[in-house]
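The values are calculated or read from the model by the stated rules, or taken from the named source; none is laboratory data. In this text, all values refer to a predicted model and were calculated from it rather than measured experimentally. Cβ placement follows ideal geometry from the backbone for every residue including glycine, while neighbour counts extend to all protein chains displayed. To get the accessible areas, we keep the full protein, side chains included, count just its heavy atoms, and leave off ligands, DNA and RNA. Shrake-Rupley method; radii C 1.70, N 1.55, O 1.52, S 1.80 Å.
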Amino acid sequence: SFDELVENYSEAIRGLTDGGADILLVETIFDTLNAKAALFAIEQFFETAGRRWPVMISGTITDASGRTLSGQTPEAFWNSLNHIRPLSFGLNCALGAADLRQHVEELSRICNCFVSAHPNAGLPNPLSPSGYDETPEQLASEILDWARHGFVNIVGGCCGTSPDHIAAIARAVSSVAPRAIPEIEKKLRLSGLEPF
């Protein structure tokens, strides 16, 4: 039930923060109601603790329909969960970078926070030695294109990615400026900090 989920998420949040976690990440979300239970537990915890931790949210587009398993488009997913004021909002898992691109681009147009993307190394392939088809160079090339178009602030890999994939992504995007977010940049400058 929703209440049981809230109770379980509350226990996890206490364990993470007691253990020194700096950020709470609700990720691989395919069902928005489950995510709402997690975010409800997080807000309750913040009230009790008297402070907030940064929250990252990452959903999963499950197939070519461009929707989460519970049927939401990326925009509907954002509208359902942005009340938590996330540090970042994005997508991970289920799809390779080429198939995830249009959905990351959609989030980049509507999110007023950092956008994250952690695609798989392509689709699962039991005949591939790694279980996935995309090489580190292929995945990095696709993510580099996202970065050059200003879609993302935080990038990485999910299923099928290896340290070589992550290293290739880091090298590829190292000279590209992250996605601009005027509201956040203005707040940072007013605080006397450089945006990026």
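Filter segment 27-67 down to the residues that are among the small types (Gly, Ala, Ser), open to solvent by 10 Å² or more (accessible area, probe 1.4 Å) and either farther than 23 Å from VAL104 by Cβ or in contact with a Cys (Cβ under 8 Å, 6 or more places away or on another chain) (or both) and list them by number.
Taking segment 27-67 and keeping what is among the small types (Gly, Ala, Ser), we get 35, 37-38, 41, 49-50, 58-59, 64-66.
With the extra rule that they be open to solvent by 10 Å² or more (accessible area, probe 1.4 Å), the set shrinks to 49-50, 64-65.
Matches in segment 27-67: ALA49, GLY50.
Any idea which of PRO129, PRO124 is in contact (Cβ under 8 Å) with a residue 24 or more places away in the chain, surrounded by fewer than 19 Cβ atoms within 10 Å (Cβ to Cβ) and out of contact with any helix residue (DSSP H, G or I) (no Cβ under 9 Å at 6 or more places or on another chain)?
PRO124
State which residue pairs qualify: first residue over 17 Å from VAL115 (Cβ atoms) and modelled with pLDDT of 90 or more and inside segment 55-77, second residue assigned to a strand (DSSP E or B) and not small (Gly, Ala, Ser) in any location, beta carbons under 6 Å apart, and separation of 6 or more residues or different chains.
Nothing qualifies.
Quick one: in segment 1-26, of everything that is among the hydroxyl-bearing types (Ser, Thr, Tyr) and surrounded by fewer than 18 Cβ atoms within 10 Å (Cβ to Cβ), which residue is farthest from VAL115 (Cα to Cα)?
SER1
How many of the residues making up segment 62-109 are part of a helix (DSSP H, G or I) and within 13 Å of ALA35 (Cβ to Cβ)?
Final tally of qualifying residues: 9.
Among (1) open to solvent by 10 Å² or more (accessible area, probe 1.4 Å); (2) under 23 Å from SER175 (Cα atoms), there is one condition PHE89 misses while meeting the rest; what is its number?
If we test PHE89 against (1) open to solvent by 10 Å² or more (accessible area, probe 1.4 Å); (2) under 23 Å from SER175 (Cα atoms), just (1) comes out false.
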